[in-house]
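Read the structure below first, then the notes.
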Amino acid sequence: EPESIRGDLERMLTGVLGGEVGDLVRHAARVERELPFGMLMDGIEISGVIDLAVQRADGAWTVLDYKSNDISRTGRLEYLVEYYGPQLELYALAMERAGLGDVSHCALVFLNGPAVRQWPFEDADAARAEGVARALLRGVSAEIYATEAGPKCAECGYRKRRICQVGRLGESEADSR
């Protein structure tokens with residue numbers, strides 16, 4: 001990595017690896033990094049990459065996702081956990097459907113804290129994750145996006161591929177930033 005960012009990377013990684021995530025990995029029965037997944041839901045393929053999946057000695061998995069968001073503002077961490085939670089639960093659902101075993105926990109790892117937010121993943125969470133995913137798929141199929149055009153649109157792949165109507169409406173604003 002360029003010398004200019006090595007200090008930031010070292011700070012982020014030291015904070016994470018020196019804490020509960022490092023302990024979880026060091027005591028793991030199995031560790032999967034950058035684990036690709038794919039699953040069909042209502043005839044639509046959902047695919048992605050799980051940052052980290054760790055299997056404990058008892059066989060249960062914890063699914064982790066790294067985030068580099070700024071969490072310094074009051075309430076920001078709680079907002080991001082709520083925002084990203086369904087993503088992690090979808091990953092957990094995909095792992096269970098693939099037959100890799102039971103996922104017992106999901107965890108978001110905020111590198112800029114560092115902060116880790118972990119929660120149990122249970123049958124009710126799997127059912128909710130499936131419902132959320134189905135609702136999102138229906139929305140995307142109908143080109144309904146729960147967002148507003150803004151600076152984030154400038155780098156968004158959905159706008160660049162001309163999929164998101166919101167991004168198309170905000171093209172001039174996003175491109176000028």
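A few comments on the model shown:
- As a summary of the residue check, Arg56 satisfies the conditions (1) of a type outside the set (A, V, I, L, M); (2) under 28 Å from Ala133 (Cβ atoms); (3) under 19 Å from the mean Cα position of the chain (by Cα) except for the one numbered (3).
- Considering (1) closer than 28 Å to Ile71 by Cα; (2) surrounded by fewer than 17 Cβ atoms within 10 Å (Cβ to Cβ), the lone condition that Gly113 does not fulfil carries the number (2).
- Applying the criterion of being at pLDDT below 75 and part of a loop (DSSP other than H, G, I, E, B) to the residues of region 144-161, the residue that is surrounded by the most Cβ atoms within 10 Å (Cβ to Cβ) is Cys156.
- If you check Gly113, Gly101 for being part of a loop (DSSP other than H, G, I, E, B), touching a helix residue (DSSP H, G or I) at 6+ places or on another chain (Cβ under 9 Å), over 21 Å from Gly18 (Cβ atoms) and in contact (Cβ under 8 Å) with a residue 24 or more places away in the chain, only one passes: Gly101.
- Residue check, Ile71 of a type outside the set (Asp, Glu), over 18 Å from Gly113 (Cβ atoms) and either under 13 Å from the mean Cα position of the chain (by Cα) or open to solvent by less than 90 Å² (accessible area, probe 1.4 Å) (or both): no
- Leading residue by the ranking (most open to solvent (accessible area, probe 1.4 Å)) among those in region 28-67 that are closer than 20 Å to Arg117 by Cβ and outside any strand (DSSP E or B): Arg56
One line per residue, one yes/no per condition, for (1) touching a helix residue (DSSP H, G or I) at 6+ places or on another chain (Cβ under 9 Å); (2) not small (Gly, Ala, Ser):
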position	(1), (2)
Val54	yes, yes
Ala60	no, no
Val63	yes, yes
Tyr66	yes, yes
Asn69	yes, yes
Ser72	no, no
Tyr79	no, yes
Tyr83	no, yes
Gln87	no, yes
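- Some residue of region 75-88 being part of a loop (DSSP other than H, G, I, E, B), more than 20 Å from Val132 (Cβ to Cβ) and modelled with pLDDT under 90: yes
- Checking each residue in region 116-141 for being small (Gly, Ala, Ser) and either open to solvent by less than 70 Å² (accessible area, probe 1.4 Å) or assigned to a strand (DSSP E or B) (or both) picks out Ala126, Ala127, Ala129, Gly131, Ala133, Ala135, Gly139.
The values are calculated or read from the model by the stated rules, or taken from the named source; none is laboratory data. Quantities reported herein were computed from a predicted structural model and do not represent experimental measurements. Neighbour counts are summed over all protein chains in view; Cβ atoms, including those assigned to glycine, are modelled from backbone coordinates with ideal geometry. For the accessible areas, the whole protein counts, side chains as well, though only heavy atoms, and no ligand, DNA or RNA atoms are used. Shrake-Rupley method; radii C 1.70, N 1.55, O 1.52, S 1.80 Å.
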